[in-house]
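Taking it in order: structure first as structure tokens, then the write-up.
The values are calculated or read from the model by the stated rules, or taken from the named source; none is laboratory data. Not measured: the values here are computed from a predicted model. With ideal geometry, Cβ positions are generated from the backbone for all residues, glycine too; neighbour counts draw on all protein chains shown. Quick note on the areas: whole protein, heavy atoms, side chains included, nothing else; ligands and nucleic acids left out. Shrake-Rupley method; radii C 1.70, N 1.55, O 1.52, S 1.80 Å.
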Amino acid sequence: MSIVKDNFLKKGFVKIDQLFGAKEAEKLRIIYDQLLDDKDKTAHLRSDLAGTNDAISITTERITQIMRPSMVAPKLLQHIAYTKALHHAKALLGDDMELDFDMLINKAPHTDTPTPWHQDAAYWIDLPDKRAVSCWIALDNVNEDNGCMWFLPVQNQQVLKHNNLPNGGALYCETDTTNAVPVPLKIGGCTFHDGFTLHFSRGNTTNNQRRALIMNFRPKKMIALEREQGMDHTGTRKQRS
Ligand SMILES: O=C(O)CCC(=O)C(=O)O
């Protein structure tokens, strides 16, 4: 077994230093910035993970999430990032892995808003085959100050009780974070994490954007089951399992 797969299976996450290079990252950033700027075309897929319950949220998106960006910009799917991430997903969890959904999560400069601790599986419907992996790709250099990912080594395949931040914000759960590990990345680097792995990121306190492109992979048959139940990862956020 490769070291990457071994680490992933033992800890629930693994880092790949470089999924692709700077030129490829720049191509993605151009599309990414167009999507961020185009509030009309992305309106139905866009929200603020910080919730929208206060004066700041009227003028400022703190954690911009755009679900399924490749539905608005299909050329994203032609980018090598998607091919390479799928290749790793198959190596980690099996040849039947396919792209379920993609998303953008951007932390604008000085928005200083953490993404709370959660497990992705809390957002999903309960499926018989629980294999799922997310690839989180850095399109800027990321560190603790602008919101790199932190992970807790996975304990078991249980979804903890989650709650929503007020007014449609992210799901969060209470957990002991003593053993949490930050994973700084260079542009084009990525992490893969399991659907049960607890993760979080600090707010962005720097002068620059913190742009991440995320892809989620699961077995082809489970994607079909989700779609039959109307789950296409474009709807409102709530705890589902
Ligand atoms: O980018 C972030 O701050 C959080 C990302 C996340 O929660 C995820 O990829 O599942």
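Numerical summary
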{"item": "Cross-chain or 6+ apart pairs with Cβ under 7 Å, the stretch 69-87 first and in a helix (DSSP H, G or I), then at pLDDT 95 or above and among the small types (Gly, Ala, Ser)", "result": "Leu76/Ser70; Leu77/Ser70"}
{"item": "Residue check for Pro153: open to solvent by 50 Å² or more (accessible area, probe 1.4 Å), away from the ligand (no atom under 15 Å from the Cβ) and in contact (Cβ under 8 Å) with a residue 60 or more places away in the chain", "result": "no"}
{"item": "Residue that is farthest from Arg68 (Cα to Cα) [pool: residues in the stretch 156-214 that are among the basic types (Lys, Arg), open to solvent by 10 Å² or more (accessible area, probe 1.4 Å) and within 12 Å of the ligand (Cβ to nearest atom)]", "result": "Arg202"}
{"item": "Number of the condition not met by Val159 [criteria: (1) out of contact with any Pro (no Cβ under 8 Å at 6 or more places or on another chain); (2) more than 24 Å from Asp100 (Cβ to Cβ)]", "result": "(2)"}
{"item": "Test: residue in the stretch 109-116 that is modelled with pLDDT of 95 or more, touching a Ser or Thr at 6+ places or on another chain (Cβ under 7 Å) and under 19 Å from Gly195 (Cβ atoms)", "result": "yes"}
{"item": "Conditions (1) within 11 Å of the ligand (Cβ to nearest atom); (2) open to solvent by 40 Å² or more (accessible area, probe 1.4 Å); number of the one not met by Leu225", "result": "(1)"}
{"item": "Single match in Asp120, Asp145, Asp126, Asp140 (criterion: acidic (Asp, Glu), within 11 Å of the ligand (Cβ to nearest atom) and on the phi < 0 side of the Ramachandran plot)", "result": "Asp120"}
{"item": "Selected residue (only one of Ala91, Ala81, Ala50, Ala85 is surrounded by 14 or more Cβ atoms within 10 Å (Cβ to Cβ) and touching a Cys at 6+ places or on another chain (Cβ under 7 Å))", "result": "Ala85"}
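Residues are listed down the side, and each one gets a yes or a no for (1) under 20 Å from Asp102 (Cα atoms); (2) part of a loop (DSSP other than H, G, I, E, B):
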site	(1), (2)
Pro182	no, no
Lys221	yes, no
Leu225	yes, no
Met231	yes, yes
